[in-house]
Structures are given as C-alpha cells and as structure tokens.
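Some notes on the structure that comes next.
Readers should treat all values here as calculations from the given coordinates under stated rules, not as data from a laboratory. Bear in mind that the values here come from a model prediction, so they are computed numbers and not experimental data. So basically every Cβ, Gly included, is an ideal-geometry build from the backbone, and we count neighbours across all protein chains shown.
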Amino acid sequence: MKLKIADRFTKELPADPVLENSRRQVKKACFSFVNPKKTEKPEMLHVSPEMLFTLGMTLEDGTSEEFLNVFTGNSILSNTKPYAMCYGGHQFGNWAGQLGDGRAINLAEIEHKNKHWCLQLKGAGETPYSRNADGLAVLRSSVREYLCSEAMYHLGVPTTRALSLALSGDEVWRDMLYDGNAAYEKGAIVCRVSQSFLRFGNYQILASRQDNETLKTLVDYTIKHHFTYLGKPSKEAYVQFFEAVVENTLETLIHWQRVGFVHGVMNTDNMSILGQTIDYGPYGWLEGYDHNWTPNTTDSQFKRYRYGAQLDMGLWNLYQLANALYPLIGEAEGLERILHAYYENAQAQYLIMMRSKLGLFTEDKKDAELIANLEETLQLTETDMTIFFRNLSDFSTETSLKGWTIVKDAFYTINEVSDAIKQKWNFWFMNYAERLQKEKFTSEERKEKMKQVNPKYVLRNYMAQLAIDAANKGDYKLIDELFQLLRKPYEEQPENKKWFVKRPDWARHKAGCSMLSCSS
Ligand code: AMP
Ligand code: MG
C-alpha cells in the first residue's frame, strides 16, 4: 500500500502542546495529536473501490492486512502523526463551547493526482475532545454514514466520502433512543475522506476565546489551501472567503431540498467550511412529502432542523460564522451585504431547482405559484416524494388522465384522499399541462432531463435499517447491494425495481426507520 503523505494541517497550524489524550480545554491550538485505540478483533466489512482508486490504492490494497490495520486504527502509517481537531459550535441554537473531534481521528493527509485528501477514522477512540463520551461508534450509525455519504456523492450532492467500513470487534454501550434501555452494540469504524474536515465551529471556538491570532492563522490557511484563487490574506479576501462559503453552503442545501434529504442536526459544528454535507447522524429521507418532517427524535419538540427549515437554518449558521470572522475584518458591512443577499439567492435558486424537477427550463411569472400549489397539494395526503417526482417525468400533455395515475401511485393511503383533494390534483395537473406548452422540449426530451434531477433510488431509512439488521447478524450482503444500487441513483436499473417502492408499513414507526436519535 503506497500512499503519498502530504501533511500540512499539522505542519502549518498551531498544535496543542500536551501529549496525552485526557479530556481538556485546548487553547491557542487548532488540534491535538492523538493515536487511535487498538481494537480487539478488527474485521473489514466493505471497501469502496472507487475511493481506493481516487486515493491511489489498488483493489489488492483494500484486502490487505495492512489496510485492515491502518483503517481500524491498529497501526499508523509511517511518517504520520494522527490528530483530532479543536472546534466549538452552536447546538440547537445555543453556544455549546468546545466540542471538537470527540471520536474522529485524522490519520493523515495524502496527495494523489494533484488532489489533496484527509483520511479520518470515526469511532477510533478517545481524544482530548471526547468530553463525557467514549470516542466510539456503533455499527448502525457507521453503516448509515458509509452508505449515505457515497449515495449523496452519486446523487451529485457535495459531501464527505467514505473509504471503508469495519467492525472494531469491541462492544459499545449505548442507549439508542435515550429511553433507559441501554445495551451493548457492535463497535465499528468508518474511514471518511474529504479535502478538509474544517467546520464553522473551528473558527467559532477561536473567536469565542478572542484568540484572533490563531483565528487569523486558521483563516489564512483555509484560504491558502481551499480558496487559493482569493490570493493573499487581506480584509477583502476574508469577505470574499465568507461569500464563497455562503455560496457553497447554499448550493448544498438546495441539493438537499431537491433529493429530499434532511440532515437532522444542522448545528454549526456540523457545517463544513467547504459546504459539504458532513456528519451523517440522525438524517433521513423524505418519504411522505412534508415540510415539517425531521427524522431526529432529539429535535421532535421544536423541529428546528425540519425539511422546510433547512435553508433558513443554513442562514442562521452563516450568521454565526460571520460573527466568528468579524474580528479579522473589523467592519460588518461586507458581511451583512452577503447575508442579506442570501435570502433572495436562496429563493431564486430554489425556484430554478424546483423548475428543473418539473421539467421547466424557461421562466414564467407564474412558476412560483405553480410550485407553491404543488407543495401545498403534496402535503394534503401523505405522498411519496421520490416516487412522485420520478413518475412525473412520465407525464405527457397528450393524455390528461396520466396526472392522476402518477400521483395515485405515490399516495400512502388512497382512502384519505377526498374528492376535494382529487379536484385540487386535477386542477394542478391542468395548470402544469398548460405550462408545459410553453417549453420547447418534446415530452421525450423533457423526460430524460427530469430523470437527471429526480432520483429513482435513494437510501430510504428502512433500507438502511434492513442492511443494519442483517449486518448485526453477521450478513453483509445487503450493504454491498445497496452500495451498488446507489452508485446509479438516476438510472432505471429495472433489475432493482424492488427498491423503487414506498416505505413498507412495518417501517412507519420503527426505530431506525422513522425514529432516530443522536445516540450513535
Ligand atoms: P454530533 O452530534 O455527532 O455532531 O456530535 C457532537 C459532538 O459530540 C462532537 O464534538 C462529537 O465529536 C462528540 N461526540 C459524539 N459522539 C461521541 C462519542 N461517542 N464519543 C466522544 N465524542 C462524541
Ligand atoms: Mg458532529
């Protein structure tokens, strides 16, 4: 296994001078050196061939003893010094102080084909940031992160990636639903991969401590390596840096809305500075289209991070990042201008995205109304988002009956559909058909375009749960089946049509399918 080590984070940024992993407040530093914990009986469950190649490894490397040992934390690559990062964050709207990589350890940074990557183990043991927890991860959350991050990548959503999924061989004590029913679960380790794992919280923690010197070092580092085109550090460059983060973040959030992904815990420590989707915890996929839905039971009271609020929460988080960068800029005007533009940009981009889902590629004054009516009607009866939009591409203006058939197949309970709702649907399809007349594409062309933005296959919560249930019994076939399926989410894959169905009834109220907590 040959990896080209190119550590720069630890070389260019200030380190925590204490060399042991006792929990503490880490000041004047961006990270702490810490070694992963040795595990009892590691076993590799799945390796992504694509990521092996992306990082300059071979398929043989992926099956080697060395690979197993490195990516379960049992041996350390030569010339590397693993580390955990220091960050803070706002959790559910409240400043939580220092959080940090409590169970993530960056093994190394490597370079391949002029691209720079950080390799990070999640669930590899305690760090100075573990607070009162154990630094470990369980199999269920690791399967979910492994499958979903790769699925998101193939959906075209900016995200961290995953290289491998392994069992540690150790047991982990968890209260899955925080209801007093704790039990031992299998421990697991995922190797995540990204250009950078920096979060809004990495900047916030420094600003909160008025450590402007380290803050400047970190921002300059970020611009130098990740926003190189912004050039030399200056107040203008800092404002432009912020603007770029806002744009990237918004782009990702619009994608989430497009595919029906609900992150579940959009705390500022879970917001990537690159705008990638990061930290797959109690996330979920919309089944019934519902702006009020969140999979996270920890957030069930206020539903702060519900589907319909994700764009707003993104803005809230960006305000916190702006506050953190402010000391380096000294004037609010530039930052405020960007934040004020967010709302309008978000609306404009949302409209373009929704138009594309409907196969509309020109502009019409009444599109916003058409879309708002659709969203309202979709929520009158539980209607499967993925099936509805995918089938909508089969709609053609030549047959007016088609509209009802499409939506009928996406309803969860047809009995709940009153005549008034049926009429609303007919009315909507009538308007839609009329609107389509203004487009220049043929039905066939439109269909093809719509299928590029409306996925057929997403990682429905129950699918991940089936893979987890089997894996907990030692059967890992379904992990691979879903991994392969989700590599081509926009393709028809007729042989896999059993996954293009509504959530089965048994999954409606089952833990892991409709209820997820932060316990992982
Ligand atoms: P999350 O809700 O997963 O984004 O985690 C919030 C914070 O808690 C982060 O600082 C995590 O590193 C930390 N954390 C979560 N689970 C654990 C764990 N099992 N051990 C140590 N730290 C954890
Ligand atoms: Mg997190």
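Brief remarks follow.
- The value obtained for segment 461-507, namely the Cα convex hull volume divided by the number of residues, is 76 Å³ per residue.
- Extension gain from Ala332 to Glu448, taking 0.36 nm per residue of separation minus the Cα-Cα distance: 37.2 nm
- Translational diffusion coefficient of segment 379-468 (Stokes-Einstein, Kirkwood radius from Cα pairs, 37 °C, 0.692 mPa s): 227 µm²/s.
- Charge context of Pro36, other residues only, Cβ under 11 angstrom, K/R +1, D/E -1: +3
- Stokes-Einstein D in µm²/s, Kirkwood radius over Cα pairs - segment 261-376 at 20 °C with 1.002 mPa s viscosity: 133 µm²/s
- Distance from the alpha carbon centroid of segment 149-208 to that of segment 368-419 works out to 35 angstrom.
- Reachable lysines from Lys186, criterion Cα separation under 18 angstrom, eight or more residues apart if same chain: Lys37, Lys38, Lys41, Lys122, Lys473, Lys477
- Qualifying trypsin sites (Lys or Arg not before Pro) in segment 337-408, where qualification requires a DSSP coil assignment and no more than 14 other C-beta atoms within 10 Å, comprise Lys365, Lys366.
- Take the Cβ atoms of Glu247 and Glu481, set R0 to 30 Å, and the FRET efficiency comes out at 0.25.
- A full extension of the chain between Ser64 and Arg131 corresponds to an added length of 20.7 nm, given 0.36 nm per residue minus the alpha carbon distance.
- Neighbour net charge for Lys27 - beta-carbon separation under 15 angstrom, K R +1, D E -1: +1
- √(5λ) per eigenvalue of the Cα gyration tensor, the chain, largest first, Å: 39, 28, 21
- Charge dipole magnitude, Cβ of K and R +1, D and E -1 - the chain, Cα centre, debye nearest 20: 220 debye
- For the chain, calculated [θ]222 nm from helices alone, where every DSSP H run of n ≥ 4 adds -39500 (n - 2.57): -12500 deg cm²/dmol
- Residues of type lysines that Lys422 reaches as a straight line, Cα spacing below 19 Å, ignoring anything fewer than 8 places off in the same chain: Lys402, Lys408
- Counting neighbouring beta carbons within 10 Å and listing from fewest to most, the residues Cys118, Cys518, Cys30 come out as Cys518, Cys118, Cys30.
- Modelled label reach - Ala183, point 7 Å along Cα→Cβ, segment 295-325 residues with backbone N closer than 20 Å: 297-298
- Cleavage-rule hits, chymotrypsin sites (Phe, Trp or Tyr not before Pro), segment 55-103, DSSP coil, Cβ neighbours within 10 Å at most 16: Phe92
- Gyration tensor (alpha-carbon) shape descriptor, segment 4-197, a/c threshold 1.5: rounded
- At an R0 of 35 angstrom, the distance between the Cβ atoms of Glu416 and Gln347 translates into a FRET efficiency of 0.65.
- Calculated FRET value between Glu492 and Lys235, using beta carbons and R₀ = 51 Å, to 0.05: 0.45
- Charge sum, other residues only, whose C-beta stays under 14 Å from Tyr203's C-beta, Lys/Arg counted +1 and Asp/Glu -1: -1
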